[in-house]
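Asks: Got a structure for you, written out below as structure tokens; questions coming shortly.
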Amino acid sequence: MSLSLSMRMIHFPVMTTTTRINLTTTLMVIITLLLAGGVVQAAKHDTPTVQGLIERCFEIAQSLPNDDEDYDPDINPFAQDVRSSQARILEEVAVLQAITGDVPQALKTLETIPDPSWRNPGWLKVVRIQAEGGDLVGAKETAMSTITSMWSLDTALGVIGLQYAAAGDLEKASAIFPDYGYGKAQHFLSISASQATAGDAKGAAKTYSEAVKHAEKEGTAISFRRSTLEHLISIQLRSEDWDGVIRSFGDLPENRKVFYVSSLAKAYMRQNNITAVRQLAEQWLQLSTTKKAGPDRDSIIVKVVEIYAMAGDIDAAIKQASSNKATSEGLLRLIAEVQARNQDIRGSYRTIGMMKDAESREAVILVIVKEQGARGDFKQAIQTVRSLKNPESRLQLLVDLSNISNASPHMSRMLDFMPPLQREGRLAWAAKSLAAAQARSGGAEEAMRWATQQSSYVEALALVGVARGLLGKTAD
């Protein structure tokens, strides 16, 4: 296959075992170009280097056998099928080509994957890139002309419909969104759910209103509202419609309120109504002592502890947590996690000190790290990660931090923090994310040097990460 790329200054020979050292030398040429041209300082715009990396990854893929890799379902439990290492790299190459705007070449690359059933995930990703880039007509054409899996096609059409909805064109969204024959009200509810999942909370709320209108036309408005009330609360939470959350909670059946009382407390907290939160905790604590609580008593106590912690009344939360030795450890963990999410890191560590179970303590530290990363404190987050004893926990958190889009000088050497791993598939999965973060943060050349020291499969995935980072992207 001849790649029609704009950069031809570097030639990549077809890779065999005997030519691997030549490719390593070639990669060092790319690094030299990066350093000489000051490209690292303007990584997002370095298309020629990205094209060189694309060619290199394609060459590596062609050199690999077309057999199944050591597949780990824990890495991607949603994978449709097992694909070969070669197919996965070719898919990554195609995605990079689509990101750079060369969709025709991306589709040609996917056609080189030997097993046709392994092409569907790549086609779906290309459709997503087209749709999110605004080419909705082209995305639909790609989906209809390539995808052979019904699940992938439904997902692709849903992605396109979601983009129409985001643009405010609900009719086109409805026309293209997968239709499962449940009526227009349920149809728009599906679109609303997709918007909420994608983070478009306000759009989701608007589409939900459209769903109710269709339910009224269909004569099912009362039952529709009742059956979708919990869905509406989730949309209101995402759209920060706190008054709406409070109203919807009041409309819930009594036997469902225990599942959403934390959401009500969150709504009050966001309105800075601490008094209402404490009153809520006391009200539900009182309920737990009555016959009405019944089999829900333990669940109610959990909610009471959580709500007291949300209000900052840690003494009251700990008192309730300590009242039952059988559940106290789990409730202390809950308190510490709430403190971490409230950015009371010192308080969270004090509560951790009261916990006996090492795994529970580490689970809270994972929450602390994610909160530190979410607010951009990558230096402290990485230090916290490195203090963890469990290598799998360290690995997962490094990947989580890497997939936060912010660039930071503290993430410019992420691959240095990689714990030792024996499984090639897991190492490749992690390397892609860490290399992307490192390249985004100015460490592309070091990431490529690291890649040359790995197996062919890991090297290719790490270089994919570098390319994505140079384009200002995360690993996925």
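Asks: Could you tell me whether any residue of segment 47-54 is modelled with pLDDT under 65 and in a helix (DSSP H, G or I)?
Replies: No, segment 47-54 has no match at all.
Asks: Residue check: is Pro65 at pLDDT below 95, under 23 Å from the mean Cα position of the chain (by Cα) and over 25 Å from Glu132 (Cα atoms)?
Replies: no
Asks: Moving on. Would you please list the contacts, defined by Cβ atoms under 6 Å and residues six or more apart or on different chains, that run from a residue in segment 171-195 that is assigned to a helix (DSSP H, G or I) to a residue that is open to solvent by 70 Å² or more (accessible area, probe 1.4 Å) and charged (D, E, K, R)?
Replies: Partner pairs satisfying both residue conditions: Ala185/Glu218.
Asks: Could you check Val369 against (1) among the β-branched types (Val, Ile, Thr); (2) under 19 Å from the mean Cα position of the chain (by Cα); (3) closer than 30 Å to Glu59 by Cα and say which number it fails?
Replies: Unmet for Val369, out of (1) among the β-branched types (Val, Ile, Thr); (2) under 19 Å from the mean Cα position of the chain (by Cα); (3) closer than 30 Å to Glu59 by Cα: (3).
Asks: Could you look through segment 297-332, keep only residues that are under 33 Å from the mean Cα position of the chain (by Cα) and acidic (Asp, Glu), and pick out the one that is farthest from Ser360 (Cα to Cα)?
Replies: Among those residues, the one meeting the criterion is Asp313.
Table: residues versus (1) part of a helix (DSSP H, G or I); (2) hydroxyl-bearing (Ser, Thr, Tyr); (3) surrounded by fewer than 17 Cβ atoms within 10 Å (Cβ to Cβ).
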| position | (1), (2), (3) |
| --- | --- |
| Ala326 | no, no, yes |
| Gln380 | yes, no, yes |
| Leu397 | yes, no, no |
| Leu401 | yes, no, no |
| Asn406 | no, no, yes |
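Asks: Evaluate the following for Val245: is it more than 30 Å from Met310 (Cα to Cα) and surrounded by 15 or more Cβ atoms within 10 Å (Cβ to Cβ)?
Replies: It is false that Val245 is more than 30 Å from Met310 (Cα to Cα) and surrounded by 15 or more Cβ atoms within 10 Å (Cβ to Cβ).
Asks: If you don't mind, there's one more thing I want to ask. Confirm whether Ala340 is under 30 Å from the mean Cα position of the chain (by Cα), without any contact (Cβ under 8 Å) to a residue 40 or more places away in the chain and open to solvent by less than 50 Å² (accessible area, probe 1.4 Å).
Replies: Taking the combined requirement at face value, the residue satisfies it.
Asks: Determine if segment 364-378 includes at least one residue that is open to solvent by 30 Å² or more (accessible area, probe 1.4 Å), modelled with pLDDT under 90, in a helix (DSSP H, G or I) and farther than 26 Å from Gly472 by Cβ.
Replies: no
Asks: Out of Ser223, Ser288, report the one residue that is farther than 30 Å from Gln163 by Cα, out of contact with any Phe, Trp or Tyr (no Cβ under 6 Å at 6 or more places or on another chain) and open to solvent by less than 90 Å² (accessible area, probe 1.4 Å).
Replies: Answer to the check: Ser288.
Asks: Moving to a separate point now. Can you pull out every residue in segment 408-422 that is of a type in the set (Gly, Ala, Ser) and surrounded by fewer than 19 Cβ atoms within 10 Å (Cβ to Cβ)?
Replies: Matches in segment 408-422: none.
Asks: Check Met354 against each of (1) aliphatic (A, V, I, L, M); (2) within 30 Å of Met414 (Cβ to Cβ); (3) open to solvent by 40 Å² or more (accessible area, probe 1.4 Å) and name the one condition it does not meet.
Replies: The failed condition is (2).
Asks: Another one. Taking Ile300, is it without any contact (Cβ under 8 Å) to a residue 40 or more places away in the chain and either buried (at least 17 other Cβ atoms within 10 Å of the Cβ) or β-branched (Val, Ile, Thr) (or both)?
Replies: The answer is no for Ile300.
Asks: To continue, here is another question. Within segment 339-356, identify whether any single residue is assigned to a loop (DSSP other than H, G, I, E, B), in contact with an Asp or Glu (Cβ under 7 Å, 6 or more places away or on another chain) and either of a type in the set (A, V, I, L, M) or closer than 29 Å to Arg297 by Cβ (or both), and answer yes or no.
Replies: Yes.
Asks: Mind listing whichever residues of segment 173-194 are farther than 23 Å from Ser149 by Cα and of a type outside the set (Gly, Ala, Ser)?
Replies: Lys184, Gln186, Phe188, Leu189, listed by residue number.
Asks: Additional query: If you scan segment 263-276, which residues turn out to be open to solvent by 40 Å² or more (accessible area, probe 1.4 Å) and either over 16 Å from Met310 (Cα atoms) or assigned to a helix (DSSP H, G or I) (or both)?
Replies: Lys266, Tyr268, Met269, Arg270, Ile274, Thr275, listed by residue number.
Asks: Condition first: of a type in the set (S, T, N, Q), in contact with a helix residue (DSSP H, G or I) (Cβ under 7 Å, 6 or more places away or on another chain) and over 13 Å from Ile382 (Cβ atoms). Can you find one or more residues in segment 428-444 that meet it?
Replies: Within segment 428-444, one or more residues are of a type in the set (S, T, N, Q), in contact with a helix residue (DSSP H, G or I) (Cβ under 7 Å, 6 or more places away or on another chain) and over 13 Å from Ile382 (Cβ atoms).
Asks: For segment 433-460, give me each residue that is in contact (Cβ under 8 Å) with a residue 60 or more places away in the chain, open to solvent by 10 Å² or more (accessible area, probe 1.4 Å) and not hydroxyl-bearing (Ser, Thr, Tyr).
Replies: Arg440, Gly442, Glu445, Arg449
Asks: What's the total number of residues in segment 424-476 that are of a type in the set (Val, Ile, Thr) and part of a helix (DSSP H, G or I)?
Replies: 3
The values are calculated or read from the model by the stated rules, or taken from the named source; none is laboratory data. This structure is a prediction, so every number in the text was calculated from the model and none was measured. Don't worry about glycine lacking a Cβ; one is built from the backbone with ideal geometry, like all the others, and counts go over all protein chains shown. Calculation scope for accessible area: heavy atoms of the full protein, side chains included, ligands and nucleic acids excluded. Shrake-Rupley method; radii C 1.70, N 1.55, O 1.52, S 1.80 Å.
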